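Undergrad: Sharing a structure with you now.
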Amino acid sequence: MDKLKQLESFVSVATRGSLTAAANAEGVAPAIMGRRLDALEERLGVKLLIRTTRRITLTHEGSAFLEDCQRIIADVTNAEASVSAGGVKAAGHLRITAPAGFGRRHVAPLVPKFRELHPDVTISLNLSDRVVDIAGEGFDCAVRVGDMPDSSLVSVRMADNRRLCVATPAYLKRHGTPKTPADLSRFHCLTLSSDASQTRGWAFKLPAAKGERADAGEVIYLKPAGPLDCSDGQVLHDWCLGGYGIAWRSTWEVENEIAAGRLVAVLEDYAAPPNGIYAVFPQRKHMPLRVRLWIDFIKERYSAPGYWQRTVLRD
């Protein structure tokens, strides 16, 4: 008997709660569904379902096995769908999460473009600045910005993320321009509040000592002070544009304003090495086709020559 057919029958009966309902859905007799389940349990040597005249319930082993069977059937469906007259074809539902600010600018605009290429995929996009438990909350993929901690998750670096100190020309005209990171103590610095990220502070790279390679300088972290702080990065961005102080922001967020002259980068000689923009997903032996295609899609966009410059012009 076809092993896959046994798995499909088991899933159908378990999810519908009835041999008769599962048999009707497939157009076969309930006795045939029963024989498939008997053969599956005999082959595995374990009881998966408790069947009475009134109801069918899963055993503990059956509950665990059901999840694996659903994944296997979905993988087979995706593999079959990937071979079509038009080439690669993905289907199913894709759940993505990303930081709110970055997601609005650099993830949300790509979602409908991806679906134009793969119309059989439906997509949910969650934008949140908390660190989402991808596996626990059922997400297929996250886009994350920053240093990646050690994790059981798999990450693929999409692009570099540079961070700069910026201020308005008017603020710098009134208060002067810092020449070294230590000078920031004399300026109003707009910082994330302690319950947000950047717990180590602002990163700077000191010049290399004489005789050392140019990239050998030490990276230091400072926690500048100021009269205003906030847990929301977009608010700091807006305050900075309002001329209220110096902010430490990512280039993806402020390149528009720098290009337009509304903000000026300072302390560029001390800019720390970039961290990364990553696609992150659970450790899986068999990644669904829709997830793999999504990761390939955003990686291609982010690594395309001029993408970030086009973003400046587009916004």
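All of the numbers you see were taken from the coordinates with simple rules; none came from a lab. Computed from a prediction, not measured in an experiment: that's the story for all the values here. Cβ sites come from the backbone with ideal geometry, for glycine too, and all protein chains shown count toward neighbours.
Undergrad: So for the chain: antiparallel DSSP bridges make up what percent, rounded to the nearest 5?
TA: Percentage antiparallel, nearest 5: 70.
Undergrad: By counting other Cβ atoms within 10 Å of each Cβ, how are Val235, Val111 ranked from fewest to most?
TA: Final ranking by Cβ density, sparse to dense: Val235, Val111.
Undergrad: Checking the cross-link filter: which lysines have an alpha carbon closer than 27 Å to that of Lys113, excluding same-chain neighbours under 8 positions apart?
TA: Partners within reach: Lys89, Lys299.
Undergrad: Treat every Asp and Glu Cβ in the chain as -1 and every Lys and Arg Cβ as +1, leave all other atoms uncharged, and give the resulting dipole magnitude about the Cα centre to the nearest 20 debye.
TA: 260 debye
Undergrad: Can you give the FRET efficiency for Ile220 and Arg157, using 1/(1 + (r/R0)^6), R0 = 30 Å, r = Cβ-Cβ distance, to the nearest 0.05?
TA: 0.80
Undergrad: For the chain, what D do you get in µm² per second when you plug the Kirkwood radius from alpha-carbon pairs into Stokes-Einstein at 37 °C and 0.692 mPa s?
TA: This corresponds to a translational diffusion coefficient of 140 µm²/s.
Undergrad: Arrange Lys89, Lys47 by Cβ neighbour counts within 10 Å, fewest through most, would you?
TA: If I rank by nearby Cβ atoms, fewest first, I get Lys47, Lys89.
Undergrad: Of the listed peptides 222-229, 97-104, what is their order by residue-averaged count of other C-beta atoms within 10 Å, with the highest listed first?
TA: The peptides rank, most packed first, as 97-104, 222-229.
Undergrad: With labels modelled as points extended 7 Å from the Cα through the Cβ direction, what inter-label distance (nm, one decimal) is found for Asp269 paired with Asp296?
TA: Label at Asp269, label at Asp296, 4.7 nm between them.
Undergrad: Among all the lysines, which ones have a C-alpha under 19 Å from Lys223's C-alpha, if same-chain residues fewer than 8 places away are not counted?
TA: Lys179, Lys205
Undergrad: Same structure, new question: Can you order the peptides 3-13, 253-263 by their average number of other Cβ atoms within 10 Å per residue, highest first?
TA: 3-13, 253-263
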